[in-house]
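Report on the structure given below.
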C-alpha cells in the first residue's frame, strides 16, 4: 500500500482524514459548518494532545487528502 495526496472538494473530507491545507498537515477531529454564521464557510478542527487549531475555509474550496491505495 502507498499513500498519495488527492485534491478534493472541502465537502468531501471527514473527521479522521489526514489533510494538507494552507501549508499545514493535520488530522481532522471535527468539521464545524456555517463558520461564524456564514453558510459559505466551514472550519476544520485539529485536536491533538500537543496542539489544537482551527482552519476556516470556503465550503466550495479544495483541499488535499491523503489516501491509501
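Structure values in brief
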| quantity | calculated |
| --- | --- |
| Which numbered condition residue 29 fails, given (1) surrounded by 11 or more Cβ atoms within 10 Å (Cβ to Cβ); (2) under 16 Å from residue 62 (Cα atoms) | (2) |
| Top-ranked residue of region 13-25 - restricted to ones that are surrounded by 12 or more Cβ atoms within 10 Å (Cβ to Cβ) and within 12 Å of residue 63 (Cα to Cα), ranked as farthest from the chain's Cα centre (by Cα) | 25 |
| Region 32-69 - residue that is exposed (fewer than 14 other Cβ atoms within 10 Å of the Cβ) and touching a residue at least 60 places away in the same chain (Cβ under 8 Å) and, of those, nearest to the chain's Cα centre (by Cα) | 67 |
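Coordinate-derived values only; no laboratory data. It should be emphasised that the depicted structure is a prediction, and the values quoted were computed from it without experimental measurement. With ideal geometry, Cβ positions are generated from the backbone for all residues, glycine too; neighbour counts draw on all protein chains shown.
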